[in-house]
2 protein chains.
Amino acid sequence: MPSMPATAGFASPGHDHGPCLDDVVERAKAAFDREGLRLTPLRRHVLEEIAQSHRAVGAYEVLENLARKGGRRLAPISVYRAIDSLVAAGVVHRLESRNAFFACHAPHGGDRRQIILACEQCGAVAEVTEKAVFQGIAGAAKAASFDMRRALVEVMGVCGGCRTAEGAAT
Amino acid sequence: MPSMPATAGFASPGHDHGPCLDDVVERAKAAFDREGLRLTPLRRHVLEEIAQSHRAVGAYEVLENLARKGGRRLAPISVYRAIDSLVAAGVVHRLESRNAFFACHAPHGGDRRQIILACEQCGAVAEVTEKAVFQGIAGAAKAASFDMRRALVEVMGVCGGCRTAEGAAT
DNA sequence: GCTGTTTGGTTATCCTATAACATGGCGCCA
DNA sequence: TGGCGCCATGTTATAGGATAACCAAACAGC
């Protein structure tokens, strides 16, 4: 199993993406299986489209791409349903601040306490685990007598790859 | 000046909201003034609509409410422009995970390092400051060689007021 | 008065997401 | 082997969120 550690930074710009994709699909299969559900062709295509890169993509972008490749054009609801199932399975996450979705390349079970780093330049997304941060958030919530169900940490900025590229271009 | 501390928890359910509203409007005036801009009637109405409660409201909800009260119906773009100016002035924030807006009742200057607590039951929103959390996030970003520009922390859950109400109802 | 900026109106369009209802497939088991 | 129930998807329609492009009025400063 080549899977990455639960804390995964940004993939290097020129890396071989094949294994990343295969790994995601493998985990998707397993996850659906565990729940007695099926990774149908539709779901698989949607997943592959999203996991094509490390970027976060909109549902309609997925729709477009599938239409261009697959021939026939799906209804939005079909794409959303597929995405929903993938999100429920934990292999795709939603980037709330951009209404977009990205594949999870850092298997972390049911644990949703990841910091999401989103590059404003190339659109790439990475997840990192930082328990202390979520403990701090839990503490702050408790202090406000707030019963926390879920915490969302999304960080906007520029990834190392883009910074390097910028520097080189100047 | 009755203004709340920079870290403000949830307002108590039955509190007198008048001063909250006045305070927000006062700060809006000052903020627009500082920038050489104007808190016009339109902007003021939109602000008052948002600051009416401690809840996060959608742009179209604001639109509806203004139409019902003010008589004539604005174009969406007008509401969005007003909201944009209020967000830029720092008196209104955006709740990314719900595409909604709420008034800032916790003056914190240009500092955007607040944890946002959003009650799933009553819709109320509170901001709390927790420097350690944002330091932790900054550290994690740095470790991933990510140049962080802005961090977003939104927590979903149930506020104390709703928990109390629930308990009482049972 | 002229000029530039701010503000907001008008119209149109795009993107994001879901409701409601109908159909086909598949496993189960009696 | 017929019926039940759930999963998955199709079809159609609509709701909800946001912005582009263009134009006109209001106001500030010289």
**OP:** Kindly give the semi-axes, whole Å and largest first, of the ellipsoid equivalent to segment A:16-107, taking each as the square root of 5 times a Cα gyration tensor eigenvalue.
**Re:** 18, 15, 13
Subject >> With DNA, RNA and ligands ignored, accessible area of A:T129 (1.4 Å probe; Å², nearest 10) >> reply: 40
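So if I average 1/r over every pair of distinct C-alpha atoms in segment A:20-170 and take the inverse, what Kirkwood radius in Å does that give?
Values: mean 1/r = 0.0595 Å⁻¹.
Computed over segment A:20-170, the radius equals 16.8 Å.
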Original post:
Where the label is 7 Å out from Cα toward Cβ, how close does B:A88 come to the same position in every other copy, in nm, shortest first?
Top reply: 4.3
Original post:
When Lys and Arg each count +1 and Asp and Glu each count -1, what net charge do the other residues less than 10 Å away from B:R150, Cβ to Cβ, add up to?
Top reply: +1
**OP:** Please go through the residue pairs B:K29/B:K131; A:K142/B:K29; A:K142/B:K142; A:K142/B:K131 and name each one whose alpha carbons sit more than 25 Å apart in this structure.
**Re:** B:K29/B:K131; A:K142/B:K29; A:K142/B:K142
Original post:
With every protein chain left in place, what is the accessible area of A:Y60 in Å² (1.4 Å probe, nearest 10)?
Top reply: 120
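Taking both sides together, what accessible area is buried at the A/B interface, probe 1.4 Å, expressed in Å² and rounded to the nearest 100? All intermediate terms of the calculation are to be shown ahead of the outcome.
Working: alone 9920 and 9930 Å², together 17180 Å².
Buried area (both sides, nearest 100 Å²): 2700 Å².
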Original post:
Which of B:E127, B:E48, B:E26 moves most in a GNM of chain B, Cα contacts under 10 Å?
Top reply: B:E26
Subject >> Dipole in debye (nearest 20) - the protein assembly as shown, about Cα centre, beta carbon charges: Lys, Arg +1; Asp, Glu -1 >> reply: 580
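Counting each DSSP H run of 4 or more residues in chain B as -39500 (n - 2.57), what helix-only mean residue ellipticity at 222 nm follows after dividing by all residues, to the nearest 500 deg cm²/dmol?
Details: 6 runs with 77 residues, N = 170.
Only helices count here, giving -14500 deg cm²/dmol.
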Original post:
Could you give, in nm with one decimal, how far B:A30 is from each other copy of that position, shortest first, with labels 7 Å out from Cα toward Cβ?
Top reply: 5.6
Subject >> Cβ-based charge dipole, the protein assembly as shown, positive-most Cα from A:G123, A:A165, B:L117 >> reply: A:G123
**OP:** At 1.4 Å probe size, with every protein chain present, just tell me what the per residue accessible area of the protein assembly as shown comes to in Å².
**Re:** 51
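Counting only protein heavy atoms, what percent of the accessible surface of segment A:109-170 is carbon or sulfur at a 1.4 Å probe?
Working: 1440 of 2840 Å².
It is 51 percent, rounded to a whole number.
The values are calculated or read from the model by the stated rules, or taken from the named source; none is laboratory data. These numbers come from a predicted model, not from an experiment. Counting neighbours? That spans all protein chains shown, and the Cβs are built from the backbone with ideal geometry, glycine included. For accessibility, only protein heavy atoms count, side chains too; no ligands or nucleic acids. Shrake-Rupley method; radii C 1.70, N 1.55, O 1.52, S 1.80 Å.
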